Structures are given as structure tokens and as C-alpha cells.
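Structure first, commentary second.
The values are calculated or read from the model by the stated rules, or taken from the named source; none is laboratory data. Just so you know, these numbers come straight off a predicted model, no measurement behind them. Methodologically, a virtual Cβ is constructed for each residue, glycine included, from the backbone with ideal geometry; neighbour enumeration extends over all protein chains shown.
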Amino acid sequence: THSSGKLLFAARVIPYRGSWLDIEFDAKDIVYARIDRRRKIPVTSLMFALGLDGEAILSTFYKKILYKRTKEGWRVPFDANRFRGYSTINDLIDADTGKVVLEAGKKLTVRGARQMQEKGLKALRLSDEELVGNYLAEDLVNPKTGEIHAEAGEEITDKSMKALNEQGYKELPLLDIDHVNVGAYIRNTLSADKNMTREDALFDIYRVMRPGEPPTLDSAQAMFQSLFFDAERYDLSAVGRVKMNMRLDLDAPDTQRTLRKEDILSVIK
């Protein structure tokens, strides 16, 4: 618990032999990793080191929702679970009939959302204004020039919404983050992470584990490999593997006594 009284979530993997791994939140809802209780690094740096890029990190932790441009606005599939607790800026409109299903300034209750779904509501019509504050799920790239118009994880602002309209986007893949049912923790951590590539992340982890020694790519890769993936240096034990499988709903054999990429991603989740 933080001094403010806020609950901070954390996870720890303690092997029979080898490096401890901690995953922890801070008071600003950024997620960090700590190896052998050394200096913490953004958990996204750990995922970069595992070989994921920004898009892959986001798709691992979030669903993607496709918003489609129509003459009247943006069409988005209606999901009662996702829209419960949704506060309307404008009238909430059925994209197929054009009828108002919830007036502006009201909040959609769990019961109300479920009733809408039962009555056959398939999609909503949203305005540009209602897309502001959402996050892109993928890089938006000009297919002719290869120029990146906007990056995965980028927050849509009034200015960027205007630019995307000018660039003629008819579809926008957005992250399923509503700050009620799904938080932006991993997206915010990725945004705050100064490391952008696998190489950056490997060098950062090397400096944390071996301060004062200048890293090379080979030495940084070898050191990272030895932390969790080398059977001579790391051993969960058969009991440890069984416990991890049960806790995280995994199915690795008890002979798999080093960590795998999917183990680490499951711990973070």
C-alpha cells in the first residue's frame, strides 16, 4: 500500500536457484520490472528485451476495436460489457436506425447496457469528439510513401483527429481501454519508456545488472539469456514449475525449469 492509501499491485517469481523477478506498480500507475531487487526498469523494456515491439506489446494486453467512418460519424460495434459506465458527451445514437438510445450527459448503467444489447443494438454512431482520448492500436502508415502518420499507443487529440481526417482515414484501429473495466497501465508505461528497441532495452538491463561495465550487443544478449533462460544458472524446481502452472493457468511440463517468454508475459498480465 502506498502512503496515500492507494493499493499497488505486485508479483514476484522466486526460483529455487537464480535471479528473482519482481513486477510492480508505482503510485502513478506505471508498471516496472526489478531483477534481483536492483534498480527498476519499465516493464515494457523487459518485453522489448524478450523480442516484442510496441505494437506486439499493446496487442498482447489489449483487444483492438475497429472504428469505421460513415457519412454521419464513426461506426463502432456495441458491446454491453465495454460500454457500461460510459458517460455520453453527445446523444448516443444507434448507427443502424439513427435513433437516440441515451441522451447527452447521462451515464450508461450496467442494466441499461444489457437491455440495449438484448433489444438488438449492434453498433453506435460516435462523433470525432468522442474518439478524442482513445489510443491507436497500430501504426498508421501511408501505403504509398511508408511515412508513419501516427504510432501505436498514441493518444488521439483534437489536433491529431483533424489530421487523420485530412489524411482520409476510413478506419481507425483503437485500443479497448475505457479506464473503468480496462486500464491504460501498459500503454502509459510504453509511452513513458525511454527505450524504443530491443537493443536499447538489453543495454539498459545490462547497465542495471553490471554497472560500470560498458555493454556490447553480444554481451548484453548473453547476460539477459543467462538471467532466466539458462538451465545452469536458473532453476524453478519441478515444484516451482507446477505452482507457476497452477497460479497462471499454464501447461508447461515440470521438466521446463527455466522461464519462457510466455511465463514472463503471464506474470505481467
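Here are a few things to note about the model shown:
- Those residues of segment 135-163 which are out of contact with any helix residue (DSSP H, G or I) (no Cβ under 8 Å at 6 or more places or on another chain) and at positive phi, in sequence order: GLY146
- Among residues of segment 126-153, those that are under 16 Å from GLY183 (Cα atoms) and polar (S, T, N, Q), counted: 1
- Positions within segment 167-195 being in contact with a Gly (Cβ under 8 Å, 6 or more places away or on another chain), under 20 Å from GLU55 (Cβ atoms) and not in a helix (DSSP H, G or I), in sequence order: LEU175, ILE177
- Any hit, segment 243-259, residues being touching a residue at least 12 places away in the same chain (Cβ under 8 Å), closer than 23 Å to ARG34 by Cβ, assigned by TED's automatic domain parsing to the domain that holds ILE30 and not in a loop (DSSP other than H, G, I, E, B): yes
- Pairs with Cβ under 8 Å, 6+ apart, first in segment 111-128 and of a type in the set (Lys, Arg), second surrounded by fewer than 16 Cβ atoms within 10 Å (Cβ to Cβ) and in a helix (DSSP H, G or I): none
- Any hit, segment 218-226, residues being of a type in the set (Gly, Ala, Ser) and without any contact (Cβ under 8 Å) to a residue 12 or more places away in the chain: yes
- Any hit, segment 63-74, residues being part of a loop (DSSP other than H, G, I, E, B), crowded, with 19+ Cβ neighbours inside 10 Å, hydrophobic (A, V, I, L, M, F, W, C) and outside the structural domain of SER237 (by TED's automatic domain parsing): no
- Residues of segment 198-212 satisfying the condition of being surrounded by 12 or more Cβ atoms within 10 Å (Cβ to Cβ) and of a type outside the set (Phe, Trp, Tyr): ARG198, GLU199, ASP200, ALA201, LEU202, ASP204, ILE205, ARG207, VAL208, MET209, ARG210
- Taken together, LEU92, LEU102 contain a single residue that is under 17 Å from LEU131 (Cβ atoms) and assigned by TED's automatic domain parsing to the domain that holds TYR135, which is LEU92.
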